[in-house]
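In what follows, a single structure is set out as structure tokens and then discussed.
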Amino acid sequence: MNDRRGHHEGMAPDPEDGPPELVAVADGDGELTWRFDRDFLTSRWTCLWGRGCQGILEEPAEALGQGCCSVGAGLDDGDEARTIGALATMLPDELFEHHREAATGGIYRDEERDHTRVVDGACIFLNGPGFPGGAGCALHLAAVAEGEPVTEWKPSVCWQLPLRIDWADAPDGTEVATVRRWTRADWGDEGDTMAWCCTEAREAPEAFGGDRPVVESLAEELEALVGTEVYVALRSRLSR
């Protein structure tokens, strides 16, 4: 049984242990420097959706199968909102449990179109447990069925999780992008009341039992996030 009070092999230290060790990789033209949380990317964190995930509600809710979809998905900008809206019209009904709700009320939370609508307590795209077409994200299922990367179908915040980017300006006028894990604080008010946060090693040691380090298990997502050149350099740095 894991001791939740300490740090264990395969785990990344919790934020309260101090700032993470960062690995810097400059992009090709030098206008942007990527910084990566070495501790998390070399940890054995793995998504437990459908395998013990407790969700992000105030009480553990594994049976609901909602994962981190209970609050819907934030949409990055107008272009992403239009893309997700167009993809929604292409989803086969057999893969989209809430296709009727989408057809009659749309997929957006409101006229701002910066967030997906919540239906039955979760994102409109989330198929519930027992749905014949498959539980989980309808966009994800459709991407897999088409043999296309899920990064081209899902909202960016969804395929990037559990990774988060902090953007900042450097004194020399260039940009710095720090890639790290999400923490409770990043969830805002929801984070204060969540019964469980899978990226916090002390409270979710079971999420750090994957068979590969995050830099490998999330290779597709990281490469889509930072580009092939930076990702290859990152892999090289972390393997030393």
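Within region 200-215, the residues that satisfy the criterion of being touching a helix residue (DSSP H, G or I) at 6+ places or on another chain (Cβ under 8 Å) and assigned to a helix (DSSP H, G or I) are Val214, Val215.
Table: residues versus (1) more than 15 Å from Cys68 (Cβ to Cβ); (2) modelled with pLDDT under 95.
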{"residue": "Phe131", "(1), (2)": "yes, no"}
{"residue": "Ala143", "(1), (2)": "yes, no"}
{"residue": "Pro155", "(1), (2)": "no, no"}
{"residue": "Ala170", "(1), (2)": "yes, yes"}
{"residue": "Thr178", "(1), (2)": "yes, no"}
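Yes or no: region 146-154 includes at least one residue that is out of contact with any strand residue (DSSP E or B) (no Cβ under 8 Å at 6 or more places or on another chain), over 30 Å from Ser43 (Cα atoms) and open to solvent by 40 Å² or more (accessible area, probe 1.4 Å). So far as region 146-154 goes, yes, one or more of its residues are out of contact with any strand residue (DSSP E or B) (no Cβ under 8 Å at 6 or more places or on another chain), over 30 Å from Ser43 (Cα atoms) and open to solvent by 40 Å² or more (accessible area, probe 1.4 Å).
Across region 166-193, which residue is farthest from Glu223 (Cα to Cα) among those that are assigned to a strand (DSSP E or B), open to solvent by less than 40 Å² (accessible area, probe 1.4 Å) and out of contact with any Pro (no Cβ under 8 Å at 6 or more places or on another chain)? Looking at the filtered set, the residue picked out is Val176. Here Ala135 meets the list (1) farther than 19 Å from Tyr108 by Cα; (2) open to solvent by 60 Å² or more (accessible area, probe 1.4 Å); (3) not aromatic (Phe, Trp, Tyr) almost entirely, failing just condition (2). For beta carbons closer than 9 Å, sequence separation of 6+ or different chains, a first residue in region 145-163 that is of a type in the set (Val, Ile, Thr) and a second that is surrounded by fewer than 16 Cβ atoms within 10 Å (Cβ to Cβ) and outside any helix (DSSP H, G or I), the qualifying pairs are Val157/Gly74; Val157/Asp76. Looking at this structure, is Arg237 without any contact (Cβ under 8 Å) to a residue 60 or more places away in the chain, within 14 Å of Arg35 (Cβ to Cβ), touching a helix residue (DSSP H, G or I) at 6+ places or on another chain (Cβ under 9 Å) and surrounded by fewer than 17 Cβ atoms within 10 Å (Cβ to Cβ)? Judged against the criteria, Arg237 is not a match.
For Val25, state whether it is farther than 24 Å from Ala122 by Cα and β-branched (Val, Ile, Thr). In short, yes.
Counting only residues that are assigned to a loop (DSSP other than H, G, I, E, B) and within 14 Å of the chain's Cα centre (by Cα), region 216-240 holds 1 of them.
Figure legend. Inter-residue proximity from region 55-80: first residues farther than 18 Å from Ala207 by Cβ, second residues of a type in the set (A, V, I, L, M) and modelled with pLDDT of 95 or more, beta-carbon distance below 6 Å, spacing 6+ or different chains. Indicated pairs: Gly72/Val118; Ala73/Val157; Gly74/Val157; Leu75/Ala81.
The values are calculated or read from the model by the stated rules, or taken from the named source; none is laboratory data. Bear in mind the structure is a predicted one, so any value in this text is a computation, not a measurement. FYI the Cβ positions are ideal-geometry reconstructions off the backbone, even for glycines, and counts take in every protein chain you see. Note: accessible area is taken over every heavy atom of the protein model, side chains too, but ligands, DNA and RNA are not part of it. Shrake-Rupley method; radii C 1.70, N 1.55, O 1.52, S 1.80 Å.
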